[in-house]
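Rule-based calculations on the coordinates, nothing more; no lab input. This one's a predicted model, so the numbers in the text were calculated from it and none came from an experiment. Ideal geometry is used to build each Cβ from the backbone, glycine not excepted, and the neighbour counts take in all protein chains shown.
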Amino acid sequence: MFGKLLHLSGVFSRTESKTTAIRRALSWITPVIIISLIIPLNMGYNGISSCIVTFVTLYLSRKNPLTFYFSCTALLCLSLYIPVGYSFGKISYAYVVSALQTNSGEFLEFLRGTSLNAWLLTSSAILAIYLFARNGQDFDKKYRTIYLIAFILINLNAWPKRMLTATAAYAQQANSALAGLEQNSNVPDNFQIISNHKKYKNVVVVIGESVARDYLSVYGYPHNTTPWLNTAPGYFYTHYISAAPNTFLSLSRTLTISDGVKTEEYNSIVALAKKAGFSTHWISNQGFLGEYDTPATVIASKAQHKVFFKKGDYNTNSTDDMALLGELQRVVKNNDNAHNAVFLHMIGSHPDTCSRLNDFPVNFNISHQQKLNCYLATLQKLDAFLEHAHQILEQRGESYALIYFSDHGMTVDESERPVRHGADARQNFNIPLFLFTSDTKKHITDDTPISARKFMSLFEWIAGFDSDKVPALSPGEAAERDITVFNGEHLVPYDELKENAIVQ
Ligand SMILES: [Zn+2]
């Protein structure tokens, strides 16, 4: 009788211990599976092998306190990248350098633009790491060293190590680029003007922001995003290619002497115009945070007259681009004999697109993504902006040249983040270039392929002077067959980039 009871209780406790063991195993295996799926895929390391490496790494890490706590901390750091990686993929130099020079307003705007899915994935990953940290320990005194060695071996060239070392290298590169900028701003230019026959009293350069050429109806986009430009008198270049895919990398390669990789911020277009005898004006609706934290502010620092609408806190002073026109009006009305070179730096169509519009109406409803409709509206607003700038110069009655280009293109689709920076498609580099002058009365389309790295040469040709370092070139002379672009790491042939579908 007693024996039977003992036997029964034995069976009972064995089943109980089995369930407990299963439950205990699940308590760490489940979070490990979640981590192994979510984290590598949202860091841009797609592929089953990255998931398997993560799983094996975590399994091995459980046996040694050193590897265990190290893995938990490293994963926690990596998971903070999910909101970025979800939309943009693998970390790149361009993201690191933008992150280092982004002001708090842009950062908040970025966070607002991040999709709910990205946040759900981030919180699931953090929760899974927490559960793994709580339930995963299985420190084995016997084989600790063997597990440690196995952990090191598997991680010698695994994705987390590659990602962490790349990030550290990018951060170092970006820091030295920013330090270089500061140094550059103190160096005088060394241009020499070799001929000077100015053609126009006012030369106005409008630096646009995030405008993708393929979405402008003047270039054939089926929705009427540019009612005035469609027939406006001027030159419209259909194959103008930006130097790089974001503001920081592009403007330094467009407005200073550059071979595409290296840049000479002290030899900038503003210094060049000043040398040629122009009265130089830089009027900006972009941020001015630190004095020398972006190439644009360093380039601007050489101007005789500077106006920055966004000094200090970005959010308390969100000026509309149209205010730039008031400043243009003021400069050209100033009755002196000086030739003016005026640079207007717009905030343009920078995401978040809806917040760029202020009172401007959204006349498009082509997508269920309102941000895409807003993007098209920002293009229509640009059309109105340029029409007004043209009007100001026409009404003044003095000779003028008005040039517009965008700093880079965009990736546009109907995903949750429909308008975003990218670097892998032609659409990230396809930008508009317009030239209006007091002596152009016709609407002329020009399909010469030109790289934005030739902009300083075009500027000299338009303004009517020549320098020793930059040859003045007409669009025909600036034509290039094999255009390369800087993708954040190196120069790549434009022709080899993929073609993104255009949302219509
Ligand atoms: Zn930009």
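In plain terms, the C-alpha convex hull of the chain casts an average shadow of 29.7 nm² when viewed from every direction.
Computed over the range 380-429, the percent of Cα pairs more than 12 Å apart is 72. Diffusion coefficient of the range 350-487 by Stokes-Einstein, Kirkwood radius over Cα pairs, 25 °C, 0.890 mPa s: 141 µm²/s. Seen from Tyr45, the other residues with C-beta closer than 14 Å to its C-beta sum to a net charge of +3, counting Lys and Arg as +1 and Asp and Glu as -1.
Excluding same-chain neighbours fewer than eight residues apart, the aspartates and glutamates reachable from Lys441 by a Cα-Cα span under 16 Å are Glu387, Glu394, Glu398. Normalised by 2.2 N^0.38 Å, where N is the number of residues, the alpha-carbon radius of gyration of the range 17-73 equals 1.23. Taking every alpha-carbon pair under 8 Å whose residues sit at least 6 apart, the chain reaches a relative contact order of 20 percent. Pairs from the table (Lys18/Lys142; Lys262/Lys371; Lys381/Lys469; Lys201/Lys442; Lys198/Lys302; Lys306/Lys469) lying more than 32 angstrom apart at Cα are Lys262/Lys371; Lys381/Lys469.
Here the gap between Leu491 and Asp424, fully extended at 0.36 nm per residue and compared with their Cα-Cα distance, gives a gain of 22.9 nm.
Computed from Cα atoms alone, the Kirkwood hydrodynamic radius reported for the range 17-175 is 16.7 Å. Using 0.36 nm per residue and subtracting the Cα-Cα separation, the extra length available between Val261 and Asn363 on full extension is 32.7 nm. For the pair Asn224 and Ile149, the difference between a 0.36 nm per residue extended length and the Cα-Cα distance amounts to 20.6 nm.
Placing a label point 7 Å from the Cα of Asp439 along the Cα-to-Cβ direction, the residues of the range 461-482 with a backbone N closer than 19 Å are 461-466, 472-477. Scaled against 2.2 N^0.38 Å for its residue count N, the alpha carbon radius of gyration of the range 140-187 is 2.02. Tell me the Kirkwood hydrodynamic radius of the range 303-421 in angstroms, computed as one over the mean inverse distance between distinct C-alpha pairs. This gives a value of 16.1 Å. Using a simple spin-label model with pseudo-atoms 7 Å out from Cα toward Cβ, Ile48 and Ile33 lie 1.6 nm apart. Residue order for Leu153, Leu164, fewest other beta carbons within 10 angstrom first, comes to Leu153, Leu164.
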